1. Quick one: in the stretch 21-51, of everything that is within 11 Å of the chain's Cα centre (by Cα) and assigned to a strand (DSSP E or B), which residue is nearest to Gly66 (Cα to Cα)?
2. Here are some conditions: (1) open to solvent by less than 30 Å² (accessible area, probe 1.4 Å); (2) under 23 Å from Gly119 (Cα atoms). Gly66 meets all but one. Which one does it not meet?
3. For the stretch 10-26, which residues satisfy the criterion of being open to solvent by 90 Å² or more (accessible area, probe 1.4 Å) and charged (D, E, K, R)?
4. Counting just the residues of the stretch 77-112 that are open to solvent by less than 60 Å² (accessible area, probe 1.4 Å) and part of a helix (DSSP H, G or I), which one comes out nearest to Gly47 (Cα to Cα)?
5. Of the conditions (1) assigned to a helix (DSSP H, G or I); (2) modelled with pLDDT of 90 or more; (3) among the small types (Gly, Ala, Ser), Gly121 satisfies every one except a single condition; which number is it?
6. Please specify each residue of the stretch 32-63 satisfying the condition of being among the charged types (D, E, K, R) and buried (at least 22 other Cβ atoms within 10 Å of the Cβ).
7. Of the conditions (1) open to solvent by less than 20 Å² (accessible area, probe 1.4 Å); (2) assigned to a helix (DSSP H, G or I), Arg72 clears all except one; give me its number.
Amino acid sequence: MAQTVTGPEFRLTERTVGKAAVARLHGEIDLRAVPPLRARLDELTAGDRPYLVVDLRAVSFIDCAGLGLLCRARDRVGRRHGRLRVVTNGDRVPRVLRAAGLDGAFALYESPAEAVAAGRGAALAGAGD
């Protein structure tokens, strides 16, 4: 079931594209935003082989708590043999990831459509395993 999570400076909107849950984050992803966002991302990554796309294009600020949220989602997805894709535009988020030593920790895409298509390709590539 799609949900919206909101707070004073942030919002998460969600939709489903094929088998992927696409969570679009808006605003400031900081210490105050993380608890409600974590609860929803935990729900989205709870099943077997979750497929989550996190769209950060509308994020105006992300701090270490927000990066921790992304790492938690990545780890939960990995333990469940799923896929996590991160959507971002420009260099702002990749620059923050590099500064935190997290460059290469996430598969980055320019659009949700590109991230979903990459997931389909990975699923097809792994079909013969």
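1. In this case the residue turns out to be Leu25.
2. The single condition Gly66 does not satisfy is (2).
3. Step one: filter the stretch 10-26 for residues open to solvent by 90 Å² or more (accessible area, probe 1.4 Å), giving 11, 15-16, 19.
Of everything in the stretch 10-26, those that are open to solvent by 90 Å² or more (accessible area, probe 1.4 Å) and charged (D, E, K, R) turn out to be Arg11, Arg15, Lys19.
4. The extreme case among them is Val77.
5. (2)
6. Going through the stretch 32-63, the residues among the charged types (D, E, K, R) turn out to be 32, 38, 40, 42-43, 48-49, 55, 57, 63.
Answer for the stretch 32-63, where residues must be among the charged types (D, E, K, R) and buried (at least 22 other Cβ atoms within 10 Å of the Cβ): just Asp55.
7. If we test Arg72 against (1) open to solvent by less than 20 Å² (accessible area, probe 1.4 Å); (2) assigned to a helix (DSSP H, G or I), just (1) comes out false.
Residue by residue, here is whether (1) touching a Lys or Arg at 6+ places or on another chain (Cβ under 7 Å); (2) farther than 21 Å from Glu110 by Cα holds:
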{"residue": "Ala2", "(1), (2)": "yes, yes"}
{"residue": "Gly7", "(1), (2)": "yes, yes"}
{"residue": "Arg11", "(1), (2)": "no, no"}
{"residue": "Leu25", "(1), (2)": "no, no"}
{"residue": "Asp30", "(1), (2)": "no, yes"}
{"residue": "Ala46", "(1), (2)": "no, yes"}
{"residue": "Ala58", "(1), (2)": "yes, no"}
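The values are calculated or read from the model by the stated rules, or taken from the named source; none is laboratory data. Quick caveat, the model's predicted, so the values are computed rather than measured. All Cβ positions, even for glycine, are placed from backbone atoms using ideal geometry, and neighbour counts span all protein chains on display. The protein model used for the area step is the full one, side chains on, heavy atoms only, and it has no ligands, DNA or RNA in it. Shrake-Rupley method; radii C 1.70, N 1.55, O 1.52, S 1.80 Å.
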